[in-house]
Amino acid sequence: MTENSGPLLELCGVHAAYHGITVLHGVDLTVAAGQVVALLGPNGAGKTTVLKVAAGLHPPAAGHLLTGGRDVTGIRPSRLARAGVCLIPEGRGVFPNLSVRDNLLMMTFCGRRSREEIEETAYGRFPVLAARRGQQAGTLSGGEQQMLALARGLATDPAVLLLDELSMGLAPLVVAELYELVAEIARQGVAVLVVEQFAAAVLKIADHAAVVVRGRIQWQGHPDGSLQAELSSYYLGSPL
Ligand code: ATP
């Protein structure tokens, strides 16, 4: 993973609120092409809200959102998606009653790729999905559902990939495998912002990490030993 250009995603002094209660208090974060940035923090810290702001789903109360250097603050999520910002929400974002294949083919809506291309690329990247193409998505294992969610997101050819709690409910080995795939996606030039509550798996592939606590970035830098030491105090003793 290399930083090979300027930031594709920038949050500058972002404040966000729900029903008048401010939950982000001036968040600054950048993600460059080819970079994996891990956004960590305890429950309720504001991690998902950062992703919602980045995807245009929650307009900032103050501050700016930029993609590729362009100020896109306040533009509709559908326009941001067309501009290459893809959010894979917590809970996998697949249609459980549809087959793997139909979940993938729905992605032709964005008009970038043909049905054949979408299937070929998805099955090339995630061979297990090819073997299960006729299976209902809801009956896939948790890890396979995450792969399908990733394959659906990648069918839009995103420049920026936003991942919320990829590891949720999955065994450590499955999580490690998924993060290797995420690292490979970043190597192809995608800017990846990953939210995780528990850090260990994502830190193995992250180029940069930020820790958000009560709506403020408390620490950011290279995810080395000093971060591991700091994290336990931010999490007030939660296991990593
Ligand atoms: P977790 O790790 O538990 O998912 P998080 O770090 O992702 O938490 P957020 O989901 O961004 O945190 O929530 C930040 C704060 O905003 C929390 O206090 C939460 O209760 C509040 N919040 C989030 N979504 C809403 C909403 N739709 N309406 C009102 N308050 C909300």
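For THR73, indicate whether it is open to solvent by less than 30 Å² (accessible area, probe 1.4 Å), hydroxyl-bearing (Ser, Thr, Tyr) and either in the same structural domain as LEU8 (by TED's automatic domain parsing) or part of a loop (DSSP other than H, G, I, E, B) (or both).
Details: open to solvent by less than 30 Å² (accessible area, probe 1.4 Å): no; hydroxyl-bearing (Ser, Thr, Tyr): yes; either in the same structural domain as LEU8 (by TED's automatic domain parsing) or part of a loop (DSSP other than H, G, I, E, B) (or both): yes.
No: the conditions fail for THR73.
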Residue check: is VAL202 open to solvent by less than 20 Å² (accessible area, probe 1.4 Å), within 16 Å of the ligand (Cβ to nearest atom) and of a type in the set (Val, Ile, Thr)? yes
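For the stretch 1-68, give me every one of the strands (runs of 3 or more DSSP E) that falls completely inside it and has 2 or more residues that are touching a Cys at 6+ places or on another chain (Cβ under 8 Å). Walk me through it before giving the result.
Values: elements: 7-18, 21-32, 36-40, 62-67.
Result: 62-67.
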In the stretch 119-177, how many are closer than 30 Å to GLY68 by Cα, touching a Phe, Trp or Tyr at 6+ places or on another chain (Cβ under 8 Å) and among the aliphatic types (A, V, I, L, M)? 5
Within the bounds of the stretch 68-79, is there any residue that is within 16 Å of the ligand (Cβ to nearest atom) and farther than 17 Å from LEU163 by Cβ? no
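Among the residues of the stretch 41-61, which ones are among the β-branched types (Val, Ile, Thr) and more than 6 Å from the ligand (Cβ to nearest atom)?
Step one: list which residues in the stretch 41-61 are among the β-branched types (Val, Ile, Thr), which gives 48-50, 53.
The answer is VAL50, VAL53.
Condition (residue is within 11 Å of the ligand (Cβ to nearest atom), within 14 Å of the chain's Cα centre (by Cα) and either surrounded by fewer than 21 Cβ atoms within 10 Å (Cβ to Cβ) or not small (Gly, Ala, Ser) (or both)) applied to the stretch 33-40: is it met by at least one residue?
Step one: list which residues in the stretch 33-40 are within 11 Å of the ligand (Cβ to nearest atom), which gives 39-40.
Of the ones still in play, those that are also within 14 Å of the chain's Cα centre (by Cα) are 39-40.
Among the residues that remain, those that are also either surrounded by fewer than 21 Cβ atoms within 10 Å (Cβ to Cβ) or not small (Gly, Ala, Ser) (or both) are: 39-40.
Looking for residues that are within 11 Å of the ligand (Cβ to nearest atom), within 14 Å of the chain's Cα centre (by Cα) and either surrounded by fewer than 21 Cβ atoms within 10 Å (Cβ to Cβ) or not small (Gly, Ala, Ser) (or both), one finds at least one in the stretch 33-40, hence yes.
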Of the conditions (1) open to solvent by 60 Å² or more (accessible area, probe 1.4 Å); (2) modelled with pLDDT under 95; (3) assigned to a helix (DSSP H, G or I), THR121 fails just one. Which one is it? (1)
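Could you go through the stretch 99-108 and let me know if any residue there is away from the ligand (no atom under 16 Å from the Cβ), open to solvent by less than 10 Å² (accessible area, probe 1.4 Å), over 19 Å from LEU161 (Cβ atoms) and not acidic (Asp, Glu).
First, pick out the residues of the stretch 99-108 that are away from the ligand (no atom under 16 Å from the Cβ): 99-108.
Subset that is open to solvent by less than 10 Å² (accessible area, probe 1.4 Å): 100, 103-104.
Filter again for over 19 Å from LEU161 (Cβ atoms), leaving 100.
So of that shortlist, the ones also not acidic (Asp, Glu) come out as 100.
Yes: one or more hits.
The values are calculated or read from the model by the stated rules, or taken from the named source; none is laboratory data. In this text, all values refer to a predicted model and were calculated from it rather than measured experimentally. Every residue, glycine among them, receives a Cβ derived from its backbone with ideal geometry; neighbour counts consider all protein chains shown. Surface areas here come from the heavy atoms of the whole protein model, side chains and all, with no ligands, DNA or RNA. Shrake-Rupley method; radii C 1.70, N 1.55, O 1.52, S 1.80 Å.
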